[in-house]
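The values are calculated or read from the model by the stated rules, or taken from the named source; none is laboratory data. Predicted model, so just to flag it, every value in this text is computed and none were measured. Neighbour counts are summed over all protein chains in view; Cβ atoms, including those assigned to glycine, are modelled from backbone coordinates with ideal geometry.
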Amino acid sequence: MDSLERNRKISSFVVHFTLVLISITMLVPFFWMVLTAFKSTTEATSVNPFIIFPKVWRTDAFKAVIANMNFLLLYRNTLLLIFFRVLCAVVTATMAGYAFARLRFPGRDLAFSLVLFQMMVPNQVF
C-alpha cells in the first residue's frame with residue numbers, strides 16, 4: 001500500500017467518523033423527544049438526565065391529543081395554505097424569471113443578486 005492510498009483511507013475514515021458524530025448529534029434530540037412522549041409528567045419533568053427510557057410506556061398523551069384535536073380540519077387548513085403559497089411562488093418566480101432573462105433594466109443585476117440571496121438564506125433569518 002503506497003502512501004497516497006493510505007492517506008486517502010485515513011482521510012475517508014476521518015470524514016465518515018465526523019459525519020457519523022454529526023448525525024448522532026442531530027438525531028439524539030429527536031429520539032429524546034419521542035421517548036419523552038411516552039413518559040408520565042413526573043418522569044418527563046424530572047431533573048435526572050439518566051432516565052432515558054420510561055418506566056411505564058404510556059399512550060395517555062396521544063389519546064388526549066387525538067380526542068381533543070380536529071385533525072381533518074388542521075390537515076385541510078395546512079393543505080390550503082401550502083397550495084396557495086406554492087401557487088403564488090410559482091407565479092411570482094415565473095414572472096421574475098422572465099423579467100430577468102428577457103428584459104434589460106437598470107439595477108437588474110443587483111435585483112437578481114438580491115433574489116438569489118433571499119433564496120439561499122432560510123426564512124427564519126428574516
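Listed values, structure above:
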{"read-out": "Hits in the range 56-81 - residues which are out of contact with any Ser or Thr (no Cβ under 8 Å at 6 or more places or on another chain) and not in a helix (DSSP H, G or I)", "value": "Trp57, Thr59, Met69, Asn70"}
{"read-out": "Residue in the range 83-96 that is in contact (Cβ under 8 Å) with a residue 24 or more places away in the chain and out of contact with any Ser or Thr (no Cβ under 6 Å at 6 or more places or on another chain) present", "value": "no"}
{"read-out": "Number of the condition not met by Ser46 [criteria: (1) part of a helix (DSSP H, G or I); (2) modelled with pLDDT under 90; (3) among the small types (Gly, Ala, Ser)]", "value": "(1)"}
{"read-out": "The lone exception for Val90 - which of (1) more than 24 Å from the chain's Cα centre (by Cα); (2) surrounded by 10 or more Cβ atoms within 10 Å (Cβ to Cβ); (3) part of a helix (DSSP H, G or I) it fails", "value": "(1)"}
{"read-out": "Residue count, the range 110-126 (criterion: modelled with pLDDT of 90 or more and exposed (fewer than 10 other Cβ atoms within 10 Å of the Cβ))", "value": "3"}
{"read-out": "Subset of the range 22-43 that is part of a helix (DSSP H, G or I) and in contact with a Phe, Trp or Tyr (Cβ under 8 Å, 6 or more places away or on another chain) - its residue that is surrounded by the most Cβ atoms within 10 Å (Cβ to Cβ)", "value": "Leu35"}
{"read-out": "Among residues of the range 50-67, those that are farther than 17 Å from Met33 by Cβ and loosely packed, with under 10 Cβ neighbours inside 10 Å, counted", "value": "4"}
{"read-out": "Residue tally, condition under 17 Å from Ala64 (Cα atoms), among the β-branched types (Val, Ile, Thr) and at pLDDT 90 or above, over the range 25-43", "value": "2"}
{"read-out": "Every pair of residues 6+ apart whose Cβ atoms lie under 9 Å, when the first sits in the range 1-21 and is surrounded by 10 or more Cβ atoms within 10 Å (Cβ to Cβ) while the second is of a type outside the set (Ser, Thr, Tyr)", "value": "Lys9/Met1"}
